[in-house]
Structures are given as C-alpha cells and as structure tokens.
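Only one structure is covered here, and it is reproduced in the block below.
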Amino acid sequence: MTAQGMAIPVINLSASTAVTRQPLAPSTSLQARNVAGAGNKEVSVTECRSWNQLEEWIPGWEAILRGNRALSIFSTPEWLGSWWEAFGSERRMLAFAFSTGDQELVALAPFYFDHFHSSLFGGLAHLRLIGDGSGDSDNLDLIARPGFEESCARALLCQLREHQNWDICSLSTVAAGSHVVRILKHELERANWPLFARTCPSSAIQLPGSWAQYVEQLSPNFRPLVTRYPRKLASRYQVRIRRCESPEDLAKGLEILFSLHTKRWNLANQSGSFGSDERKEFYQEMSHRFLQRGWLELWLLELNGIVAAAQFCFRYNDTVSILQEGFDPQFAADKVGYALRAAMLKHFIEMGVRRYDFLGGIAAHKQNWGAKPGEYLNLRFARPQSIGSLYLSCTNKLAKSKEWLRENLPASAWNVLHRLNVKLKNQQADVTAA
C-alpha cells in the first residue's frame with residue numbers, strides 16, 4: 001500500500017480593483033491599542049459591496065492570516081471567495097474593512113444579507129457572515145489582527161448601529177475562543193443590545209508525534225479496525241491509495257467523490273450533500289484554489305483498480321480538516337473508509353500535522369478515532385427596540401419551550417408532536433409553492 005504526497009508551490013493572489021476609502025466621521029473614529037511599536041492609530045472603515053471591492057484588501061488580509069494563527073482556513077480569501085462565487089450571485093454583500101490612517105488593514109467583517117419571511121413579523125433582513133447559511137463552513141470568525149480586536153469590535157458596533165437596513169445579525173459556528181467575538185459580545189451586552197448566545201459541538205483529534213503513539217491511544221476494541229483490517233484488505237486486493245495532485249486528477253477525483261457520496265446516501269433514501277449544483281460549483285472552485293496553495297488533501301483508495309473510498313480534506317498550518325467522504329457500499333464489509341483514514345492519519349502524523357479536525361458534531365465514530373469534544377459559538381443579536389429584537393425574543397422563548405417539552409414529555413408523546421410539526425411544515429411549503 002502506498003500513499004503519495006508532495007509539496008505544491010504557493011501561488012500568491014494579487015489585488016486588482018481600486019476601492020474608494022470611506023473613513024468614519026471623527027465622532028465615531030476609535031483608537032487602536034499599541035501594537036509592536038505601531039503607536040496609536042485611528043481605525044477607519046471602508047464598506048465593500050462586491051467581491052471585487054473586497055478583493056482589493058487581499059494583501060492585507062493575507063498579512064492578518066499570517067499574523068493570527070488562531071484563524072482557520074475558513075477565514076481565507078480562497079474559501080470565502082469560492083463560497084461567494086457559488087452562493088452569492090443573488091445576494092447583497094455588506095463587508096467592513098477596518099484600517100489605520102496609513103491604509104494598513106487591521107480587520108475584516110465580511111457580511112451579506114439573507115432575507116427571509118416570518119409569518120408574525122413579515123420580511124426580515126438577516127446579516128450573516130460570508131460562508132454561513134449553506135451548511136459548508138465551520139469555525140468562521142471576524143478577521144482581526146492581534147492587538148486591534150477591541151477597537152475593531154467597537155467600530156463594527158458603531159457601523160451596525162448606524163445602518164438601519166438590517167434586522168438580525170448572526171455570527172454562526174464561530175470559534176468559541178475568538179478574542180474579537182468575545183469582545184464584541186461584551187460590547188453588545190454593555191450597550192444592552194438583545195443578544196442570544198448558544199454553543200454547538202465540534203470534535204478533533206490532537207495527534208501525537210508518532211503513529212505508534214496514536215495507535216496506543218485508541219481503545220482495544222477499536223484498534224484492530226486501524227491496524228488489522230488494512231492488512232486484511234491488502235491480502236485480498238491490490239490496494240492503491242493516492243492523493244489528487246494535478247488539475248486533471250482533481251477533476252476526476254471530485255466526480256468520484258460526488259458519485260460515492262451520493263451512492264451511499266441514496267441507499268438511505270437521501271440525496272446527500274451533492275444534490276445541489278451550487279455546492280458542486282463551490283467544491284470545484286474551492287478545491288482548485290486549495291490545490292494551487294498546496295492545501296488540498298483529496299485522497300482515493302482503489303481496490304483492484306476500482307475506487308472504493310474517497311475523503312476530501314484540507315491542510316492549513318498544522319491542522320487537517322475532514323469535510324466530506326464517500327465509499328462504495330459494495331465494499332462496506334471491507335471497512336474501506338477505515339483503511340483510508342488510517343493511511344491518511346499515518347501520513348499526516350509523519351508530515352508533522354498535529355490536529356485532525358472532524359469539524360461540527362461529536363458522533364461516536366469520531367470519538368472512536370480519538371476525537372475530543374469542542375464547541376462553536378452561535379451569536380444572534382439585534383438593535384434595541386427593533387422588529388429584529390422582538391423576533392429574537394420570540395424565537396428564543398419558543399426554543400426554550402421546545403427544549404422543556406423534549407426533556408419532560410415521554411418519548412412517544414414527543415415523537416407525535418415532532419411528526420405533527422413536520423407535517424404542518426410540509427403543508428405550509430406546499431401552499432407556498434402553489
């Protein structure tokens with residue numbers, strides 16, 4: 001069994017479109033804290049209404065990413081630009097670029113409008129982070145240079161206070177330890193803005209320095225799936241494990257991933273993740289950009305020349321994140337997914353990767369591989385005494401009532417209510433479609 005993997009040259013992106021500077025009025029300008037001898041500098045804001053305008057800031061954006069190792073691949077221009085290209089064509093952007101007096105970028109807050117209708121409150125304008133809303137992005141964040149988090153959080157609050165064309169703002173699946181989001185939350189509370197914060201689970205493996213150490217950490221019951229089953233597989237088939245490393249190979253690899261993933265979920269009478277043309281477009285654009293940067297980890301496992309399993313991951317700094325996977329159900333008994341992940345983990349450990357991120361959720365199969373629980377933060381807020389604040393208050397009370405019913409009703413009664421709710425939603429959808 002062989003695993004191929006080699007470095008790919010980094011290709012730097014360049015900006016091409018000019019942006020008109022629109023600094024804050026003196027009454028709302030804010031002072032940044034001292035940073036590495038830079039001294040106190042005013043923070044001004046530029047509104048970006050299109051990706052072409054936001055693209056002007058990419059050199060400074062990449063400088064922030066180099067200086068802030070807490071930011072993930074989900075905050076890169078490659079990820080967010082690919083997402084916007086696939087999902088943003090009919091959406092309006094409202095991104096804020098915060099800079100110092102010499103036009104040095106210190107933070108980005110990339111939002112867009114996602115309008116929806118409430119039966120009680122009518123049409124509402126929802127501000128969301130670019131990348132949110134499609135179910136593809138985890139670990140999002142406000143993109144801030146270390147040392148400027150407080151000034152930029154306050155400047156963002158000033159901007160949101162002045163704009164009257166939004167009702168609700170959400171920061172979803174953001175890093176729970178985000179310094180700038182923590183400061184923004186504190187500023188919102190201090191200003192008495194309606195704010196609701198919830199967490200959702202994530203999970204990741206902290207990888208040791210050697211493969212032997214990793215295997216030793218696994219439970220005795222699970223260990224054979226990682227060690228013996230790959231050997232059994234090699235005794236029954238001619239096994240080849242490879243990584244996609246060229247644009248031509250990538251195009252074929254993506255089609256295989258889409259097919260295997262869909263085939264697996266169709267057996268459960270579900271369409272899977274790739275029934276959406278927008279998502280396929282997103283993966284194609286994002287994976288090509290990642291391939292150029294040397295971040296893509298799309299791996300395939302072949303048995304006697306037939307691809308039996310695929311895993312779509314990406315590497316950023318010392319972390320590899322798993323986004324999607326698929327396998328051919330006819331090889332389910334051979335545990336092909338286990339064999340592929342084991343080979344990949346062994347390779348990643350040898351290459352110095354220190355974290356394998358399963359992203360959202362803390363399922364049992366992730367824990368079997370040694371994943372430990374973490375969490376993301378979901379923050380929703382609105383201006384005081386606004387329609388948005390009333391909507392948030394009502395939905396929060398409804399969510400708490402639902403949680404109480406789930407915890408206190410017998411399972412049979414809860415299931416009846418759940419089925420009734422699904423039926424009512426389907427009927428409402430039919431009426432809306434008609």
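The values are calculated or read from the model by the stated rules, or taken from the named source; none is laboratory data. Just so we're clear, the structure is a prediction, and the values are computed from it rather than from any experiment. Backbone-built Cβ (ideal geometry, glycine too); neighbour counts: all protein chains shown.
Of all residues in the stretch 115-135, which are small (Gly, Ala, Ser) and in contact with a Phe, Trp or Tyr (Cβ under 9 Å, 6 or more places away or on another chain)?
Of the residues in the stretch 115-135, the ones small (Gly, Ala, Ser) are 118-119, 122-123, 125, 131, 133-135.
Once the filter is applied, which keeps residues that are small (Gly, Ala, Ser) and in contact with a Phe, Trp or Tyr (Cβ under 9 Å, 6 or more places away or on another chain), the stretch 115-135 yields 118, 123, 125, 131, 133, 134.
Here is the figure for the stretch 269-289: residues that are basic (Lys, Arg) and without any contact (Cβ under 8 Å) to a residue 12 or more places away in the chain total 0.
Residue by residue, here is whether (1) without any contact (Cβ under 8 Å) to a residue 40 or more places away in the chain; (2) over 30 Å from residue 319 (Cβ atoms); (3) assigned to a strand (DSSP E or B) holds:
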site	(1), (2), (3)
120	no, yes, no
131	no, no, no
196	no, no, yes
200	no, no, yes
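Residues considered: 86, 109, 144, 97. Of these, the only one that is in contact with an Asp or Glu (Cβ under 6 Å, 6 or more places away or on another chain) and modelled with pLDDT of 95 or more is 86.
Pairs linking a residue in the stretch 320-334 that is farther than 30 Å from residue 72 by Cβ to a residue that is of a type in the set (Gly, Ala, Ser), with Cβ atoms under 7 Å and 6 or more positions apart or on different chains, are 328/308; 331/308.
For the stretch 352-368, filtered to residues that are at pLDDT below 95 and not in a helix (DSSP H, G or I), the residue that is surrounded by the most Cβ atoms within 10 Å (Cβ to Cβ) is 362.
Filtering the stretch 167-180 down to residues that are surrounded by 19 or more Cβ atoms within 10 Å (Cβ to Cβ) and not in a strand (DSSP E or B), which residue is nearest to the chain's Cα centre (by Cα)? If we take residues in the stretch 167-180 being surrounded by 19 or more Cβ atoms within 10 Å (Cβ to Cβ) and not in a strand (DSSP E or B), then 178 is nearest to the chain's Cα centre (by Cα).
Would you point out which residue out of 119, 151 is more than 21 Å from the chain's Cα centre (by Cα), surrounded by 14 or more Cβ atoms within 10 Å (Cβ to Cβ) and modelled with pLDDT under 95? Answer to the check: 151.
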